[in-house]
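First the structure, in the form of structure tokens, and then the observations on it.
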Amino acid sequence: MEAAEFERLLGAVVSREVDGCTGLKKVERLSGGASQETYRLTLSSADGERLACMRRAPGGGVEVQADVRIAPGLATEAQLMACARDVGVPEPEVYYVLGESDGLGEGFIMEWLDGETLGARIVKIQELDAIRPKLAFECGQVMARIHSVDLDATGLRDKLEHAPPEFFVNQTWERYKLLQTPQPMIDYAGRWLMDHLPTDYESTLVHNDFRNGNFMVTPEGINAVLDWEIAHIGDPMRDLGWICTNSWRFGRTELPVGGFGEYADLFAGYESVSGKKVDPDHVKFWEVFGSFWWAVGCLGMAEHYRNGPDKTVERPAIGRRSSECQVDCVNLLIPGPVTLVAPEERSGNLDMPRADELLISVRDFLREDVMSTTTGRTQFLARVAGNSLDIVDRELSLGARARAGELERLEALCGHEGSLGDLRWELVNGLRDGSRSLDDPALAEHLRATVVNQIAIDQPRYSGFKTALANSAA
């Protein structure tokens, strides 16, 4: 659709459906939102200008989600926000849900709210210093209100899918198996999750993506819960565990709730509204699942680079982040002592220049020359490329010794010699078919050593790596 026609149709809608609006002055497509389009609308009124927001399916078509079982669609998303608002959840007012006759596709128009949504800023900017210690308690209160929505009275029960814990674990594990890569810590976590499936819970509305970065914060507190696009009916503790997943702490691993609060405050806030006692072990299940899910998701990015149409430098770099999530699973399930391999010595003039010197020269060129003369996505991708070269450099220094140690441990575990690939698959298959016990101390030691040495290569600045080393020293 041409821009002029798009603005004409949208102008007709807002003039007709938004109270007090006399016309559309400006439309701005905002960045972000891989699955939906977001626009800032400047509206005219008798009192001057006002802002509104529109969320729309890509290109105005029918919204498509990766998992259609738990994708309610934009019209239902708008209803979810309205129902949550009715029970006291901070939400923008939904003005209008687009209809077929509007010619703009699926979407809805809502109130514009201001606030901070970037998780990395929420955990550190000075403007939020006073409210940050109160956010975990408030998150618990908001979640409890979400879970209190009456599914029958609102009609949501007929519009949302029921997704029990077993569905999520199986879906994620099967997606990983299709990648045909042996990652024993992922299979260990999958087995642990299947062995600890929650059964004693009352199914409620679940936001399913309640985390730091998906709600808006002001110095007064949370003023909007965002991104309801994968809401479902299921275990309410899914929301509490997800916000505690280390990936959403933005480096503040010492504060488990979103990088800004403590478990006790989150639970207390939830209990103050729901009247129901929170079981920390129940929440831990979903925290483990969060890292398990992300570990598989990162590998999917690497697979997409190999076989998909979008071969950007970003995708393989994200693929290597799977070890970040795997070390989080180590810290949650099998913490303990670990020994890091020593780097290989780099010296001499046998090769001039050495391979590491070539890598470092290209990395420095990207960081010092390319990044200083570019902006936007090109500058960002130059940074990603530099980080990828750092990984390759550490692989040259640590990789051979790390693999040798892994092979030696695998041969001891399996009781025979073999190649690294064959023995990894033997261990993985034993974890999948249940013949390998999760309680074997030698297995825990092997997985811990393998994953921690891998994260030393992939991202030694990751908070989970520091936690693993602290656990080792304890």
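Every number here is computed from the coordinates shown, using simple stated rules; none is lab data. Please read all numbers here as calculations on a predicted model, not as lab measurements. Using ideal geometry, Cβ is built from the backbone for each residue, glycine included, and neighbour counts are taken over all protein chains shown.
So what is the relative contact order of the chain, in percent, for Cα pairs below 8 Å that sit 6 or more residues apart? Don't skip to the answer; put the middle values down first.
Numbers: 782 pairs, mean separation 62.8, N = 474.
Reported relative contact order: 13 percent.
Only Cα pairs under 8 Å and at least 6 apart count here; give the relative contact order of segment 365-474 as a rounded whole percent.
On the way: 57 pairs, mean separation 24.0, N = 110.
This gives 22 percent for segment 365-474.
Note the full-extension length gain between residue 378 and residue 197 as 0.36 nm times their separation in residues minus their Cα-Cα distance, in nm to one decimal.
Numbers: separation 181, 0.36 × 181 = 65.16 nm, distance 4.42 nm.
60.7 nm is the gain from fully extending residue 378 to residue 197.
List every residue whose amide H lies under 5 Å from the amide H of residue 25, counting only residues 5 or more places away in sequence or on a different chain, with H placed 1.01 Å from N in the peptide plane.
42, 43, 44
Pop out the ³J(HN,Hα) list for segment 248-261 in order, Karplus 6.51 cos²θ - 1.76 cosθ + 1.60 with θ = phi - 60°, rounded to Hz; leave Gly and Pro as x.
Values, residue by residue: 9, 9, 6, x, 8, 5, 6, 10, x, 8, x, x, 9, x Hz.
With a 10 Å radius around each residue's Cβ, average the other Cβ atoms per peptide and rank 379-387, 152-160, highest first.
For the peptides 379-387, 152-160, the packing ranking is 379-387, 152-160.
Multiply the residue gap between residue 130 and residue 401 by 0.36 nm, knock off their C-alpha separation, and tell me the result in nm, one decimal place.
Taking 0.36 nm per residue and subtracting the Cα distance, the gain is 92.8 nm.
222 nm [θ] for the chain, helices only, -39500 (n - 2.57) per DSSP H run of 4+, per residue, to 500? Don't jump to the answer; show the numbers that get you there.
Details: 17 runs with 227 residues, N = 474.
Result for the chain, helices only: -15500 deg cm²/dmol.
What's the FRET efficiency of residue 442 with residue 360 using the Cβ-Cβ distance as r and R₀ = 35 Å, to the nearest 0.05? Numbers along the way, then the final one.
On the way: r = 38 Å, r/R0 = 1.10.
Approximately 0.35, to the nearest 0.05.
Indicate the helices, whole DSSP H runs only, in the chain that combine a mean Kyte-Doolittle hydropathy of 0.0 or more with a Cα extent along their long axis of 27 angstrom or more.
On the way: long enough: 280-307 (40 Å, -0.13); 376-394 (28 Å, -0.15).
Long hydrophobic helices here: none detected.
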